[in-house]
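Right, one structure below, let's go through it.
Coordinate-derived values only; no laboratory data. For clarity, every value in this text was computed on a predicted model and none was experimentally measured. Quick reminder, even Gly has a Cβ in these numbers, built from the backbone with ideal geometry, and neighbours come from all protein chains shown.
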Amino acid sequence: MARPTDGAAAIRDRDATAASVRDALRERLGANRFAVWFGDGVTISSEPATADVSARVVVRVGSGFTHEWLKRTFHAELSAVAREVCGPEVEVEWQAAAVDVPPAQADEAAEMAPAAAGRSRRPRARRQPAATETETPRSIVASGSASPSGVQRPAPRQALGLAEFVVGTSNRMALGAVELVASRPGEMSPLVIHGPSGVGKTHLLEGVCGRARDLNAGLAVVMLSAEQFTTGFLQSLHGSGLPGFRRTCRTADLLVIDDIQFLVGKRATLVEFQQTVDALHRLGKQMVFACDRELDALDGLGSDLLTRLRGGMVARILPPDYDVRRGIVAALAAKRGLAVPDEVVHYVATHITRHARELYGAVNRLEATSLMLGVPITAGMAEEALADLVRSSARSVRLADIEKAICKAFGIEAGSLQSARRAKTVSHPRMLAMFLARKHTHAALTDIGKYFGRRSHSTVIAAQKTVGDWVAKRAPIVLAESQWDVEEAIRRVEDVLRAG
């Protein structure tokens, strides 16, 4: 009778070990994230030890695709908790188990699986902080025992707050809208923020999550990218965890989803998304979404969903203006403890103008160059170190393109920029043309001067400096008998250049 008793005891020990591993993993991931990815269709068991390992933890997952995806995403975390429970010699094994999936759901999952699996195989080192990730939600965070538990994205980066957001004319409306919905959630829903890549949309989304939790105790907050929403939805179909996935999104007091343009063309996911929007709207909950273009350009979402999105508030973020660019560079330098002279901050903010990521890259380059060469950061060093970044920041165009864009943007007569006239109505657009020629072309100073009225290279240098000073001071510029804000004038011309 001793042998069966020993066997039963061993089984009880293994069951207790498996339960401890599950409990530790739930604590590490958060109850809601654990429920989404390790709920129905996933079992964790403890198997007998072997001569090589003190214990074995086996994870059986509902399908091959889910199994591979979960292994890539959670193996490190599961291994860590297994070592805590079982000791350093534990082995973690992942196995696929067959599961039935409704045919219609299986078709879409099969269609999406190769693309999603391909994205998840990208090396972790190449991921950018603001980019969309397939593997895990960027954040599912909440307060209060009845709300979803905290889930942090795997990247070891603190979520950005609104206090760190550099504000200017290009983004003030979007920031104001975010602060409004954070303080009064549900009154203006959904809020849709749109703008090109790198202008701070994700920063605002992370900021609204933090501000809303600070102002509203016990608020359940869920933040995902649209790609993560899609992957989570499809994975829940594979693992029979759809109720848990829906519970995660539809019980949120604040649902935040980034990059909703990713949903275009995904019919089943769009239906799920629209039903989620409807459910939260009926409950008076707050939704905040972001996309890289205006809603009118997202007709692939469907007219019904677009009508719902337009029913809240839409806020646009423009590429950062000079004040914002300067603030970003100065703040980043201060955070890094770098001694960056004002003239260098001005140079970076004036010449790298497309988006914040390029500004971060410029400061990284300055810091690395200073450390490697053992020299302080100066204007001359900055121009040399950032030369290729400045060139790549601008779209390469011809001098004739610059001239045509300025004439088209402001209704200036063709040929005026080559004339000898010195009136402001001619000299200001000519200096602006030289400034933009230096920024957007590889033309030599002498070539620029020759094109714009056979002027010397020193005239081009002086024009570049003058326009740079205008930008710094937000001085008005005279164009076509009217005064323009210089930043707005530059943006108008660059819009024409981008449009071709």
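Given the peptides 324-335, 224-235, arrange them by the average over their residues of other C-beta atoms within 10 Å, most packed first. Let's see the in-between values first.
Numbers: 324-335: 19.8, 224-235: 24.8.
Packing proxy ranking, top to bottom: 224-235, 324-335.
On full extension of the chain, what length is gained from Arg398 through Ser458, given 0.36 nm per residue of separation minus the C-alpha to C-alpha distance?
19.5 nm
Distance cut-off 27 Å, Cα to Cα: go down the list Lys71/Lys201; Lys285/Lys335; Lys439/Lys473; Lys335/Lys473; Lys201/Lys266 and report the pairs above it.
Table pairs above 27 Å Cα-Cα are Lys71/Lys201; Lys285/Lys335.
What is the local net charge at Met381, summed over the other residues whose Cβ is closer than 12 Å to its Cβ (Lys, Arg +1; Asp, Glu -1)?
-3
Do any trypsin sites (Lys or Arg not before Pro) in segment 229-305 lie in a loop, going by DSSP, with at most 16 other beta-carbon atoms within 10 Å of their beta carbon, and if so which? Walk me through the numbers before you get to the answer.
Values: sites: Arg246, Arg247, Arg250, Lys266, Arg267, Arg282, Lys285, Arg293; in loops: Lys266, Lys285, Arg293.
Filter output for segment 229-305: Arg293.
Give, rounded to the nearest 20 debye, the magnitude of the charge dipole that segment 399-499 has about its Cα centre when Lys and Arg contribute +1 at Cβ and Asp and Glu contribute -1 at Cβ.
Roughly 300 debye, rounded to the nearest 20.
Hey, with R₀ at 56 Å, roughly what FRET efficiency would Met173 and Glu84 work out to, going by the Cβ-Cβ distance, to 0.05?
Values: r = 48 Å, r/R0 = 0.86.
For R0 = 56 Å, the calculated efficiency reads 0.70.
How far, in nm, would the chain grow between Asp469 and Val375 when pulled straight, counting 0.36 nm per residue and subtracting the alpha carbon separation?
Roughly 31.1 nm would be gained on extension.
Points 7 angstrom from Cα along the Cβ direction at Ala480 and Ala9: gap in nanometres?
With each label placed 7 Å out from Cα toward Cβ, I get 9.1 nm.
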